[in-house]
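Working notes for the structure below.
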Amino acid sequence: MDLSNKKIDDYVLKLGEKTVKPIFQGGMGVNISTKELALEVARLGGVGHISDAMMPDVADRLYNTRFTSLKARQCKSMAGIDPKPDMHFDPIEIERATRMYVQDVMSAKKGDGLVFINCMEKLTMNDAGETLRHRLNAALDGGIDGISLSAGLHTSSFAMMADHPRFRDAKLGIVVSSVRALNIFLRRTAKTNRLPNFVVVEGPLAGGHLGFGLEDWQKFDLATITGEVIAFLKEKSLDIPVIAGGGVFTGTDGVRLLEAGAAGVQVATRFTIAKESGIPSAVKQQYFNAEAGDVVVNGISPTGYPMRMLANSPAINSDAKPQCEAYGYMLDHGDCQYLKAYREALAADPSVKRPHIASKTCLCFQMRAYKLWTVGATAARLKETSVRLPDGTWYEPPAEAIMLDYLQSTNDEIRLPEVPSSVLAAHATPQNSPMTSCAAS
Ligand SMILES: Cc1cc2nc3c(=O)[nH]c(=O)nc-3n(C[C@H](O)[C@H](O)[C@H](O)COP(=O)(O)O)c2cc1C
């Protein structure tokens, strides 16, 4: 089919009574998909996601609260003691942090789009059920337009929200990587008598954790899984929009999926280098400079899921001391694979004070410190989306430019952003050498 003149802006996504542009900007924790990023996407008519990963810590940074330091004080006495069954979050604190953040975001919302929050089931905070229940309900209290349930099967998440007055109005959906996962979710949530408003199908080229095996992710592809999910829903006579994500780099990539039956696309990697993204500027330059061989999928996440990242991420083979007590997060009731690997390394050679751990990483600490540079498989193409400044660094385009390029570009082209003269002046080299676009470099 000739798609040369088609653009994403020719399509609309209907979520119940609401019509939006068919672009979801995917959730990126920890605070990579900032409120500024999500709000821009919503202002331009799409669906922007914030993330609730490490919300107490994010609230501390944004609102000068002291959730993390108070938590660290409570947990200090548990250092070196294992397991740590008493190391729980106070659910009321989780609620307060989440509500404060969501209310702040929603009060600033403008435009016709929507703001959703990404909630990962695997972020268990040592008490999976209670913490998730409070996170979900507090987001609804705060006025969030919708919730994307990710990183898990979420068999109880709908039931956890069923008594909330907004349970039937808010847009609720799930991120899956297979028909099997979707089928389990639908069967287990049938008793709540509420279907999801959308299903995001995340393929193997996505950033963050992958819903595939470390050895077999390459055998799958987004278009095929999306087609299977659409066929499954049709067979069940379920009219639920399917959003396809993972590797959608140009507007035309999106058009191909929309023509094949997807109702929308979810994108993230292209927004990592946006001005509004929470990644520090120096790290964004690493993203821009990545080459194809620098993007790896490995098993260092202690969650057990494969994760895609840049091979030069400081989180790889780091000597970070386990930070459970500092942040209060703990996987598997203290049976975290990083904790284990760290202890084993210390026991094997007590003369080494800070062993480097190659097999696992301290995920909470490294993500919070922006030292684990997770990306989608297309990261090496980011340099096609911007312009080099006279001092050799890359320009961080505003989210608006990325969103408009996705919506309006045709023929697999990418529109380069215009660089304001103030930015050019701020990045001028002493020689004032001419600016080069990536096409010329
Ligand atoms: C930097 C980064 C962080 C991410 N963090 C999360 C996350 O916290 N939770 C989640 O469900 N997905 C996460 N993802 C996946 C995205 O939400 C999205 O579905 C996917 O990356 C889309 O593919 P693309 O990056 O190729 O556009 C992340 C992706 C990136 C690139």
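Pick from Val296, Val255: which is at pLDDT 95 or above, part of a helix (DSSP H, G or I) and either over 20 Å from Ile32 (Cα atoms) or hydrophobic (A, V, I, L, M, F, W, C) (or both)? Please lay out each step first, then the result.
Working: Val296 fails: part of a helix (DSSP H, G or I).
Testing whether each residue is at pLDDT 95 or above, part of a helix (DSSP H, G or I) and either over 20 Å from Ile32 (Cα atoms) or hydrophobic (A, V, I, L, M, F, W, C) (or both) leaves just Val255.
Restricting attention to strands (runs of 3 or more DSSP E) lying wholly within region 122-221, give those where 1 or more residues are of a type in the set (S, T, N, Q). Before you say what the answer is, go through the steps one by one.
Numbers: elements: 146-150, 171-176, 198-202.
Qualifying strands (runs of 3 or more DSSP E): 146-150.
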Pair list, Cβ under 8 Å, 6 or more apart: region 417-441 residue at pLDDT 50 or above, other residue part of a strand (DSSP E or B) = Pro417/Val387; Val419/Val387
Counting only residues that are among the β-branched types (Val, Ile, Thr) and in contact with a Gly (Cβ under 8 Å, 6 or more places away or on another chain), how many does region 266-284 have?
-> 3
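Starting from residues that are aliphatic (A, V, I, L, M) and exposed (fewer than 15 other Cβ atoms within 10 Å of the Cβ), keep the ones in region 187-222 and report whichever is nearest to the ligand (Cβ to nearest atom).
Step one: list which residues in region 187-222 are aliphatic (A, V, I, L, M), which gives 190, 195, 199-201, 205-206, 210, 214, 222.
Subset that is exposed (fewer than 15 other Cβ atoms within 10 Å of the Cβ): 190, 214.
Values: Ala190: 24, Leu214: 17 Å.
It comes out as Leu214.
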Would you point out the residue of region 57-71, among those that are away from the ligand (no atom under 16 Å from the Cβ) and buried (at least 18 other Cβ atoms within 10 Å of the Cβ), that is farthest from Ala151 (Cα to Cα)?
-> Thr65
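To keep it simple, each residue is scored yes or no on (1) more than 19 Å from Ile147 (Cα to Cα); (2) surrounded by fewer than 22 Cβ atoms within 10 Å (Cβ to Cβ); (3) modelled with pLDDT of 95 or more; (4) among the polar types (S, T, N, Q).
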{"position": "Asp9", "(1), (2), (3), (4)": "yes, yes, yes, no"}
{"position": "Lys18", "(1), (2), (3), (4)": "no, yes, yes, no"}
{"position": "Phe24", "(1), (2), (3), (4)": "no, no, yes, no"}
{"position": "Lys76", "(1), (2), (3), (4)": "yes, yes, no, no"}
Kindly establish whether Glu344 is assigned to a helix (DSSP H, G or I), modelled with pLDDT under 90 and charged (D, E, K, R).
-> no
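Enumerate the strands (runs of 3 or more DSSP E) found wholly within region 1-76, keeping only those where 3 or more residues are more than 24 Å from Trp373 (Cβ to Cβ). Can you show your working first?
Values: elements: 13-15, 18-20, 23-25, 47-51.
Qualifying strands (runs of 3 or more DSSP E): 13-15, 18-20.
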If you take the residues of region 258-293 that are away from the ligand (no atom under 15 Å from the Cβ) and in a loop (DSSP other than H, G, I, E, B), which of them is nearest to the chain's Cα centre (by Cα)?
-> Lys275
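The values are calculated or read from the model by the stated rules, or taken from the named source; none is laboratory data. Since the model is a prediction, treat every value here as computed from it, not as a measurement. FYI the Cβ positions are ideal-geometry reconstructions off the backbone, even for glycines, and counts take in every protein chain you see.
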